[in-house]
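What follows is one structure encoded as structure tokens, with my remarks underneath.
Readers should treat all values here as calculations from the given coordinates under stated rules, not as data from a laboratory. The structure displayed is predicted, hence computed values, not measured ones. Because the Cβ atoms are built from the backbone with ideal geometry, glycine has one as well, and the counts that use them run over all protein chains shown.
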Amino acid sequence: MNRVHRSTLANGLRLAVVPIADLRSTSVLLAVEAGQWFEPAGRPGIARLVAQTMLRGTKRRDAASWASALDDLGAVARLDAGAHAAVFSAQCLGDDLGALLALMAEAVRTPALADAEIEFVRGQTLAQLEKDERDTRAVSDRAWRQLVYPAGHPFHAPAIGDPAVVRSATADEIRAYHQRAIAPDGAVLIVAGGTTPEAAKKAAEDALGDWPKRAKGRDADHPPVTLASTKRRVELVPDKTQSDVIIGWPGLPRTDPRFTAVRVTNMVYAADTFASRAGNVIRDQLGLAYYVFSGIGASCGQSPWIVRMGVNPQNVHRAIEVALDELRKITVGQIADDDIALAKDKLVGELDVALESPAGVAAMVLEAEMFDLGDDHFERYPRELRAVTKDQVVETARTFLPPDRYALAVAGPALPEALV
Amino acid sequence: MLYALEARHAPVVSLWVWYHVGGRNEVPGTTGMSHFLEHMLFKGTQKHPKGDLDRLLARYGAQWNAFTSEDVTCYFETVPKAHYKTALELESDRMRNALISLEETEAERTVIVSEREGYENDPSFLLGEELQAIAFSRHTYGQGVIGSKDEIKLMTRDGLYAHYRRFYAPNNAYVVVTGDDEPERLIEEAAAAFGPLDPSTDLGEPPKAPEPEQHGERRVTVHRAGGTLPIVMLAFRAPRATDPRAAAISALTVALAGTSTGSDGASGRSSRLHRALVETGLAADVDASFQLMKDPYLFFVDATLRPGIKHADVERVLLEELAKLSQDLLAEAEFARVRRQLLAATAFNTDTITWRSYRCGQLLSTGAANSISEWYAKLAAVTREEIRDAAAGLFVERSRNVGHFVPEGDAS
């Protein structure tokens, strides 16, 4: 990893710059603590509505003019509301960094949030929600979240939100959320690629230096989520060929010191279709699925820790049994030493390979900065991965992935037998 | 053929092996064979039994995969540079020594069926497959790549093995490598790995099934239950990658739909189709695509409709927009924007070592250009007149294929 140049602007915005020689482009990530975790209770979808409307005109220019200015640079950009943060992500030519950050700042700090634009975003979001209702991946995700997280919890619904909330959100509610949540304190700006620390800092100061600091309410405290028993839900999605299956558990915050062991455990179990145990058996040995993978989100809450599979309805029951059986083996220590060594090697090796792209570098730095993992994180992290023991993997699986208490969601065609 | 590029910004090497075999080399009844074979190349050789390659590459943290298209089958791995030799050893070994056992063929068959079933869940795939099929009456491009479920079930081990021995050989492959070393050294090591391999003796001539001129619009409608959003998809006959118009058509794609996809992205919103369809509330999403192909293929335009909007209304607006580009020059400012987007996108893609290697291999294997810089120069030289003329040549009614996806009531 090239050196990370860190600084903090007077308003509290943290800046991390990673210059990469020989590149013409620069990746930019501005993460503001305005994701699902910070949404008003019981109002899933507000964060995304705000994020999308911020891209539709500013107090200075209308949506079409702002979009043309962005395209004039040849830049690509988007603004997504994730589990933790709302992230403006972009790529531009290195010389255009100042102009890109100026456009970004305009959208983030002074969006018009005009009534007509709110209605446009509402219409687009409802269209996507309608499409999602017949998408087996989206349906299984929605169903799984409803099984695990109680109503009112920020992860009860996917980031796109609940259709009733999207329909009922008022312009005042959207403007109030922007006023409350979109602020520089807690925010992080990452710049990686064809730039210099000086040029990036100047561009950041010019665009965001006078962004007023605000005291943000930090009332996002939610009781722990636990699964007392196994929960299952099957949702019929008509005229589909394949079932989407999610088996999962509530995870743990990225700041938890056990997260490194979680990453290794995840890799041993199912993170990779080819290198992990679940995929090896389900796809390679039994031919039951084209893809099997697991993942855990990085947030300050209990993001989903889930295994996903695409399976023919005839094979759903068996694939689930095999996935759980592989997990049981891990919880009783039936893990080859080489499986753990492989998982660690892969996670460490991926850190090097990610350096091939400015976006890969920016993503790694964002996680480190967002969750205060320390200035020496990139030196420590490979060592910490290497230090994870078999006992820790077993303990992590027992604690967070109990095979007798899980949430299962299946979406797709009718199944030949009931899931028990 | 071996080709190397230097990229010093990260300690990795990206190795790509391109075989000149894909859907175009297949005949009805065995459609999907090249794709099936791609899966079998991960099932082991004498030297590296099944699982060896997966675990070795995983151990390096490699980014690796493979894909099959109508024209080519491609394998790649991006590895820390210390492991470049191992990547070469794995690729050269499976170029001629894959086992393709009967047992593994049977085990993989259900995986490929599962892959196909996953695609079938997506209305865009279903419509695109049907549209591709009606757009070609002779050329094998009409068959697609993955094959039907029945064909996948009928594929034999011996057929796969014969296909393998015929097409997987150094005299039918491009090796493109990009990474943190001098190109001469990268090539030298690749030559040492692939040079000793025996060539195929029965490659034969490339498939020749020229597609006759189309003399009238063709239409297809796909009905599925479930209430997802309707889609309109248009496919026009488009020239091959070596055609002098290919760069102008790439620019035309940007004028129509920008360089990024997805309706929730911020970029591409100044494009013609976004303004005419998304901003007006007719469509939730629009796209246009032109692929560099060995033979004349298709230029696709598609729109996912907003709820309650009629196919005919969206199709009409799409055709109006295409007609405008066929008749009028882009305004100077719009042309400058399109050109900037096109050239910037090239820089974005090629700043990632894996995609720099891919782009180079794609240009070489299709004959579009001899290098990324040559292709960049072609894009940079495109004029407004060439874009208009390219549109006029493409968007004609008699070579138009139109597909509608019609969601129907809940079948449950």
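Given the protein assembly as shown, report the % of alpha carbon pairs whose separation exceeds 56 Å. Numbers along the way, then the final one.
On the way: 14117 of 345696 pairs.
Looking at the protein assembly as shown, the distances longer than 56 Å represent 4 percent of pairs.
What 222 nm value per residue comes from the helices of chain B, counting each DSSP H run with n ≥ 4 as -39,500 (n - 2.57) and dividing by all residues, nearest 500 deg cm²/dmol? Spell out each step's value before the answer.
Numbers: 14 runs with 172 residues, N = 412.
That comes out to -13000 deg cm²/dmol.
Mind jotting down the three principal axis lengths of chain A based on Cα atoms? Whole angstrom, largest first.
Principal axes ranked by extent give 59, 48, 37 Å for the Cα atoms.
Calculate the translational D of chain B in whole µm² s⁻¹ from Stokes-Einstein, where the hydrodynamic radius comes from the Kirkwood formula applied to all Cα pairs, the temperature is 10 °C and the viscosity 1.306 mPa s.
Values: Rh = 22.7 Å.
Taking Rh from Cα pairs, D becomes 70 µm²/s.
Which one, B:119, B:131, B:363, projects farthest toward the positive side of the charge dipole computed for the protein assembly as shown from Cβ point charges (K/R +1, D/E -1)?
The Cα lying farthest towards the positive end belongs to B:119.
May I ask which residue of A:248, A:226, A:97 lies farthest towards the positive end of the charge dipole of the protein assembly as shown, with charges of +1 (Lys, Arg) and -1 (Asp, Glu) on Cβ and the Cα centre as origin?
Of the candidates, A:226 comes out farthest on the positive side.
Ranked highest first by average number of other Cβ atoms within 10 Å, how do A:22-33, B:118-129 line up? The partial results should precede the final answer.
On the way: A:22-33: 24.1, B:118-129: 19.5.
The peptides rank, most packed first, as A:22-33, B:118-129.
Give the separation of the Cα centroids, region A:163-203 to region A:17-33, in Å.
Between the Cα centres of region A:163-203 and region A:17-33 lies a distance of 17 Å.
Ranked highest first by average number of other Cβ atoms within 10 Å, how do A:4-11, A:226-233 line up? Walk me through the intermediate numbers first.
Values: A:4-11: 14.9, A:226-233: 13.0.
So the peptides A:4-11, A:226-233, ranked by packing, come out A:4-11, A:226-233.
Angle check, please: helix A:316-331 long axis (alpha carbons) against the longest principal axis of chain A (alpha carbons), in degrees 0 to 90, nearest 10.
On a 0 to 90 degree scale, this one is about 90.
Work out which trypsin sites (Lys or Arg not before Pro) in chain B are exposed loop sites (DSSP not H, G, I, E or B, at most 14 other Cβ within 10 Å) and give the longest gap free of them. Intermediate results must be reported in sequence, preceding the final value.
On the way: sites that count: B:8, B:47, B:138, B:208, B:310.
For trypsin sites (Lys or Arg not before Pro) (loop position, at most 14 other Cβ atoms within 10 Å), the longest site-free span of chain B is B:311-412.
Other chains' Cβ within 10 Å of A:344-351 residues: what's the mean? Could you put the intermediate results ahead of the total?
Numbers: counts 1, 6, 7, 2, 4, 11, 6, 2.
The per-residue average across the peptide is 5.
Averaged over B:314-327, how many beta carbons belonging to a partner chain fall within 10 Å of each residue's beta carbon? Let's see the in-between values first.
On the way: counts 0, 0, 0, 0, 0, 0, 0, 0, 0, 0, 0, 0, 0, 0.
Rounded to a whole number, the mean comes out at 0.
For the protein assembly as shown, with only Lys/Arg (+1) and Asp/Glu (-1) charged at the beta-carbon, what is the dipole magnitude about the Cα centre, in debye rounded to 20? Let's see the in-between values first.
Numbers: 93 positive and 113 negative charges, 205 e Å.
So the magnitude is around 980 debye.
If I build a Gaussian network model for chain B, linking alpha-carbon pairs within less than 10 angstrom, which residue out of B:140, B:304, B:228 has the largest mean-square fluctuation?
Of B:140, B:304, B:228, the most mobile in the Gaussian network model is B:228.
Consider just the alpha-carbon atoms of region A:231-412 and return their Rg together with their Dmax, both in angstrom.
In Å, with Rg to one decimal and Dmax whole: 16.8, 52.
In peptide B:329-336, what is the residue-averaged number of other protein chain Cβ atoms found within 10 Å of each Cβ?
Numbers: counts 0, 0, 0, 0, 2, 2, 0, 1.
Whole-number average of other-chain Cβ neighbours for B:329-336 is 1.
Could you work out how far apart the two model spin labels at residue B:85 and residue A:22 are, taking each label as a point 7 Å from the Cα in the direction of the beta carbon, and quote it in nm?
In this crude label model, residue B:85 to residue A:22 measures out at 2.2 nm.
Quick one: Cα centre-to-centre distance for region B:1-60 and region B:126-157, in angstrom?
22 Å
Region B:186-234: which GluC sites (Glu not before Pro) are DSSP loop and have at most 10 other beta-carbon atoms within 10 angstrom?
Loop-located and lightly packed - B:213.
Once phi is turned into θ = phi - 60°, what whole-Hz ³J(HN,Hα) does the Karplus curve with 6.51, -1.76 and 1.60 give for every residue of region B:100-108, x standing for Gly and Pro?
Result, rounded to whole Hz: 6, 6, 4, 4, 5, 4, 5, 5, 7.
Could you go through region B:372-385 in sequence order and give the Karplus-derived ³J(HN,Hα) for each residue, using 6.51 cos²θ - 1.76 cosθ + 1.60 with θ = phi - 60°, rounded to whole Hz, and x for Gly and Pro?
Ordered by residue, 3J(HN,Hα) equals 5, 5, 5, 5, 4, 5, 5, 5, 5, 8, 5, 10, 4, 5 Hz.
Please name which of A:377, A:31, A:44 has its Cα lying farthest along the dipole of chain A towards the positive end, using unit charges on Cβ (Lys, Arg +1; Asp, Glu -1) and the Cα centre as origin.
Value computed over the given set: A:44.
Which translational diffusion coefficient, to the nearest whole µm²/s, is obtained for region B:2-194 from the Stokes-Einstein equation, given a Kirkwood hydrodynamic radius over C-alpha pairs, 4 °C and 1.567 mPa s? Numbers along the way, then the final one.
Working: Rh = 17.5 Å.
Roughly 74 µm²/s, to the nearest whole number.
Classify region B:1-84: rounded, prolate or oblate, from the alpha-carbon gyration tensor (a ≥ b ≥ c, eigenvalue square roots; a/c under 1.5 rounded; otherwise prolate if a/b is larger than b/c)?
oblate
Convex hull over the alpha-carbon atoms of region A:186-311: what's its volume per residue in Å³?
Working: hull volume 28.9 nm³, N = 126.
It comes to 229 Å³ per residue, whole-number rounded.
Kindly write out, for region B:60-72 in residue order, the coupling ³J(HN,Hα) from the Karplus curve 6.51 cos²θ - 1.76 cosθ + 1.60 (θ = phi - 60°), rounded to whole Hz, with x marking Gly and Pro.
Working through the residues one at a time gives 8, x, 5, 9, 8, 5, 7, 8, 10, 10, 4, 9, 9 Hz.
Straight-line reach from residue B:50: which lysines have a Cα under 21 Å away, not including same-chain ones fewer than 8 places off?
Excluding near neighbours in sequence, the set is A:346, B:85.
Dimensions of region A:5-208 along principal axes (Cα, Å, largest first)?
48, 34, 32
With n ≥ 4 as the cut-off for DSSP H runs, can you work out [θ] at 222 nm for chain A, using -39500 (n - 2.57) per run divided by the number of residues, rounded to the nearest 500? List each step's numbers first, then the result.
Details: 14 runs with 171 residues, N = 420.
It lands at -12500 deg cm²/dmol.
Roughly how many debye, to the nearest 20, is the charge dipole of chain B about its Cα centre, given +1 on each Lys and Arg Cβ, -1 on each Asp and Glu Cβ, and no other charges?
Values: 45 positive and 58 negative charges, 81 e Å.
Taking the Cα centre of chain B as origin, the dipole is about 380 debye.
So what's region B:218-408 giving for Rg/Rh, alpha carbon basis, Kirkwood Rh from the mean inverse pair distance? Each step should come with its number before you reach the end.
Details: Rg = 16.7 Å, Rh = 17.2 Å.
With Rh from the inverse mean 1/r over Cα pairs, Rg/Rh is 0.97.
Have a look at B:257, B:82, B:283 and tell me which one the Gaussian network model of chain B (Cα, springs below 10 Å) gives the largest fluctuation.
The residue that fluctuates most here is B:82.
Looking at chain A as a GNM with Cα springs under 10 Å, which of A:64, A:81, A:275 has the largest mean-square fluctuation?
Largest GNM mean-square fluctuation: A:64.
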